[in-house]
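The values are calculated or read from the model by the stated rules, or taken from the named source; none is laboratory data. What you see is a predicted model; the values in this text were computed from it and never measured. Neighbour counts run over all protein chains shown; Cβ positions are idealised from the backbone, glycine included. Accessible surface areas use protein heavy atoms only, side chains included; no ligands, DNA or RNA. Shrake-Rupley method; radii C 1.70, N 1.55, O 1.52, S 1.80 Å.
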Amino acid sequence: MKGFIFLLIASVIFTGSIICAAFNPGSVPAARGNPAFAGSAACASCHADIFKSSRHTAHFQTSAVPDDASIKGSFTPGKNQFVYNKWMVVELEKKKDVFLQTAYMNGIPTEQREFGIVIGSGRKGQTYLYWDKNRLFQLPVSYFTPANDWCNSPGYSDNYIRFDRPIPATCLECHATYIEAKERKDGITVFNKKTLLYGIDCERCHGPGAAHVAFHTQHPELKTASNIISTKSFSRQQRLDACAQCHSGLRKHTQPAFSFAVGQKLDDYSTPNYDIDTVGNLDVHGNQYGLLTACKCFKMAEQLDCSSCHNVHVSERQNMAAFSQRCINCHNMGGVAHDSCSYKPPAGIVLADNCVDCHMPLLPSRKIMLKLANASVAEADMVRTHFVNVYQDATKRFVEKNR
Ligand code: HEC
Ligand code: HEC
Ligand code: HEC
Ligand code: HEC
Ligand code: HEC
Ligand code: HEC
Ligand code: HEC
């Protein structure tokens with residue numbers, strides 16, 4: 001089972017660093033100087049339900065302190081190696097509370113580094129970073145969920161053990177709440193480790209909340225929100241931009257990481273990286289924004305945005321009945337054509353149970369390929385398209401599977 005070549009997020013990580021190098025001009029000031037974060041524990045007393053349910057979301061779990069729960073790979077002897085070839089092995093070890101990756105060449109240890117940050121909730125995979133003073137680098141071995149095993153880190157050569165891939169601030173901008181980062185004149189990014197807030201937590205989407213907490217603690221009788229960005233008065237584009245900063249593929253940064261705040265205009269901070277925004281040119285991976293905004297539901301329903309289908313405070317993965325209910329909020333099933341589904345299903349298929357697999361099917365990514373050790377060809381990663389449409393092939397597959 002050894003020797004998975006893990007290319008899942010190769011393009012994200014690889015181009016991520018290129019973008020950072022190419023578009024961050026010279027030295028860059030710390031973003032949003034001295035932001036007043038409270039930490040989500042401070043939100044729990046007044047927003048208990050949201051606080052509790054959001055702990056289980058992929059957002060909250062997307063970066064973490066390394067521990068037994070956050071690291072999905074196994075440290076059990078026999079399962080704690082990644083073999084590159086007969087000369088090169090990485091051992092994964094746990095010593096007390098410290099997790100280590102050690103490179104061995106012909107049985108002799110050559111380099112050892114400690115897990116510093118876990119990136120990825122483990123829906124598809126995880127990768128791990130280590131600290132070298134105030135710099136961050138990627139560890140050689142990652143974890144690949146479909147195989148439930150360690151794998152070679154995306155972007156690293158699969159026949160040589162490397163520890164030398166530097167991590168740009170943009171990586172944590174999409175996978176954490178905050179870290180103070182600075183690009184030096186020589187192009188090297190340095191971080192202030194103490195300022196790291198793990199996970200995509202409340203304040204990543206709602207902005208720093210210390211002043212809001214202080215105000216409402218002092219004025220428990222006031223029921224109108226103060227000192228917090230209110231999404232209620234947002235335009236549709238402001239609401240979309242809040243998600244598009246991370247869900248429109250890789251973007252060209254014109255401002256430092258973490259300077260965009262929800263409510264501002266995203267294009268003033270970074271611009272989309274796809275040249276021609278036709279659907280044929282967009283990849284289904286990671287660009288939900290580009291695909292959704294091209295589809296007819298979006299164009300015809302003025303109020304539609306990501307929150308029409310997603311409640312980001314709750315993990316609703318695989319709950320097709322709940323998602324379908326949100327389609328039905330607009331598509332009055334049983335109404336006139338164009339409004340309701342015009343497909344006449346064979347007996348046994350209930351349309352209302354699952355609009356999703358026929359109209360937003362899993363489609364193969366054209367950018368992200370996965371290759372198993374002994375396979376001759378790479379297989380495409382399957383991702384949920386956000387171009388809502390009629391898909392005859394997906395309908396056929398769905399009917400065959402569910403009849
Ligand atoms: C002492 C109580 C209290 C604490 C602690 C608190 N809030 Fe609030 N919050 C309120 C009240 C009161 C409102 C207004 C009523 C409502 O929308 O629930 C509010 C509203 C909000 C809103 C909606 C704003 C709008 O108008 O759209 C957000 C977002 C929010 N809080 C985020 C947070 C975050 C993030 C934290 C933690 C950093 C937090 N709150 C901590 C009392 C509190
Ligand atoms: C533009 C924002 C962005 C940047 C930059 C970015 N990522 Fe991601 N990453 C995402 C999104 C969004 C997903 C989920 C993709 C999906 O399922 O469509 C993801 C998925 C992942 C996953 C898989 C998580 C899982 O369990 O499925 C890993 C691991 C990961 N990224 C690591 C990294 C690392 C390491 C870097 C930096 C070197 C990086 N990413 C840079 C947005 C980003
Ligand atoms: C991924 C982004 C994201 C994260 C993380 C997030 N929120 Fe929200 N939150 C939103 C959006 C978007 C809305 C508006 C939803 C709508 O308009 O339907 C919202 C609405 C709210 C509201 C007002 C409406 C309501 O549902 O009561 C409160 C209060 C709130 N969030 C608190 C929190 C707290 C507390 C946390 C952390 C425990 C948190 N949010 C985490 C994006 C986020
Ligand atoms: C700071 C970057 C960031 C922002 C802002 C953000 N996301 Fe995400 N989102 C991610 C990353 C990264 C993942 C993958 C997390 C993982 O699995 O490790 C993700 C995953 C998701 C998922 C998959 C969850 C699952 O359990 O399968 C949904 C749905 C989603 N985001 C919707 C949204 C919506 C809607 C918004 C706006 C309200 C939003 N996101 C804002 C970065 C972000
Ligand atoms: C906010 C309202 C809204 C939501 C939510 C919504 N739609 Fe739509 N959708 C529309 C409107 C409006 C149209 C255009 C209808 C017309 O042609 O007059 C449309 C068009 C469509 C079409 C026709 C596409 C084409 O190109 O002909 C399909 C299929 C569709 N929606 C399926 C869905 C599914 C499945 C969901 C849930 C996953 C969904 N919609 C959620 C409003 C919505
Ligand atoms: C018409 C309904 C609808 C809208 C609008 C919508 N989504 Fe989704 N989204 C879904 C459904 C359904 C899934 C599949 C959920 C699952 O498989 O658990 C999904 C899955 C996702 C995933 C996980 C992707 C994967 O391949 O695992 C992400 C990330 C996501 N949505 C982000 C967004 C963002 C960002 C927006 C706004 C630009 C958005 N969605 C708007 C219905 C919608
Ligand atoms: C088994 C697959 C399947 C399921 C489940 C399904 N649809 Fe459809 N739907 C189709 C097909 C195929 C068409 C095109 C029908 C035709 O051309 O005769 C269609 C057409 C549509 C249209 C376009 C109508 C028009 O004439 O423009 C809408 C809107 C729609 N479906 C919405 C939905 C919604 C909402 C749900 C869930 C409640 C749903 N569909 C469930 C397969 C499905």
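The criterion of being farther than 18 Å from residue 81 by Cβ and either at pLDDT 95 or above or outside any strand (DSSP E or B) (or both) holds for residue 136.
Every test in (1) in contact with an Asp or Glu (Cβ under 9 Å, 6 or more places away or on another chain); (2) surrounded by 17 or more Cβ atoms within 10 Å (Cβ to Cβ); (3) at pLDDT 95 or above; (4) not β-branched (Val, Ile, Thr) is passed by residue 192 save one, and that test is (2). For region 320-332, the candidate set comprises residues that are surrounded by 12 or more Cβ atoms within 10 Å (Cβ to Cβ) and polar (S, T, N, Q); within that set, the residue that is nearest to ligand 6 (Cβ to nearest atom) is 324. Residue 234 passes every criterion in (1) part of a loop (DSSP other than H, G, I, E, B); (2) at pLDDT below 95 apart from (2). Residues in region 149-169 that are among the hydroxyl-bearing types (Ser, Thr, Tyr), touching a residue at least 40 places away in the same chain (Cβ under 8 Å) and open to solvent by 20 Å² or more (accessible area, probe 1.4 Å): 160 alone.
Among the residues examined, residue 143 qualifies as among the hydroxyl-bearing types (Ser, Thr, Tyr) and surrounded by 21 or more Cβ atoms within 10 Å (Cβ to Cβ). Residue count for region 32-54, restricted to those that are open to solvent by less than 50 Å² (accessible area, probe 1.4 Å), within 16 Å of ligand 4 (Cβ to nearest atom) and assigned to a loop (DSSP other than H, G, I, E, B): 2.
Scoring residue 177 on the criteria (1) within 16 Å of ligand 1 (Cβ to nearest atom); (2) open to solvent by less than 20 Å² (accessible area, probe 1.4 Å); (3) in a loop (DSSP other than H, G, I, E, B) leaves a single failure, condition (3).
Is it fair to say residue 61 is away from ligand 7 (no atom under 16 Å from the Cβ), of a type outside the set (Phe, Trp, Tyr), open to solvent by less than 40 Å² (accessible area, probe 1.4 Å) and modelled with pLDDT of 50 or more? So that I can check it myself, show each step before the final result.
Working: away from ligand 7 (no atom under 16 Å from the Cβ): yes; of a type outside the set (Phe, Trp, Tyr): yes; open to solvent by less than 40 Å² (accessible area, probe 1.4 Å): no; modelled with pLDDT of 50 or more: yes.
No.
Tallying residues that are in contact with a helix residue (DSSP H, G or I) (Cβ under 7 Å, 6 or more places away or on another chain), in contact (Cβ under 8 Å) with a residue 60 or more places away in the chain and not in a loop (DSSP other than H, G, I, E, B) within region 89-133 yields 1.
Residue count for region 216-238 under the criterion of being open to solvent by 80 Å² or more (accessible area, probe 1.4 Å) and within 16 Å of ligand 6 (Cβ to nearest atom): the result is 1.
Of the residues that make up region 237-252, is at least one outside the structural domain of residue 209 (by TED's automatic domain parsing), modelled with pLDDT of 95 or more and touching a strand residue (DSSP E or B) at 6+ places or on another chain (Cβ under 7 Å)? Yes, some residue in region 237-252 is outside the structural domain of residue 209 (by TED's automatic domain parsing), modelled with pLDDT of 95 or more and touching a strand residue (DSSP E or B) at 6+ places or on another chain (Cβ under 7 Å).
Considering only region 336-347, how many residues are modelled with pLDDT under 90 and loosely packed, with under 10 Cβ neighbours inside 10 Å? Reasoning before the result, please.
Start the filter on region 336-347 by keeping residues that are modelled with pLDDT under 90, which leaves 336-340.
Keeping just the survivors that are loosely packed, with under 10 Cβ neighbours inside 10 Å gives 336-338.
Qualifying residue count, region 336-347: 3.
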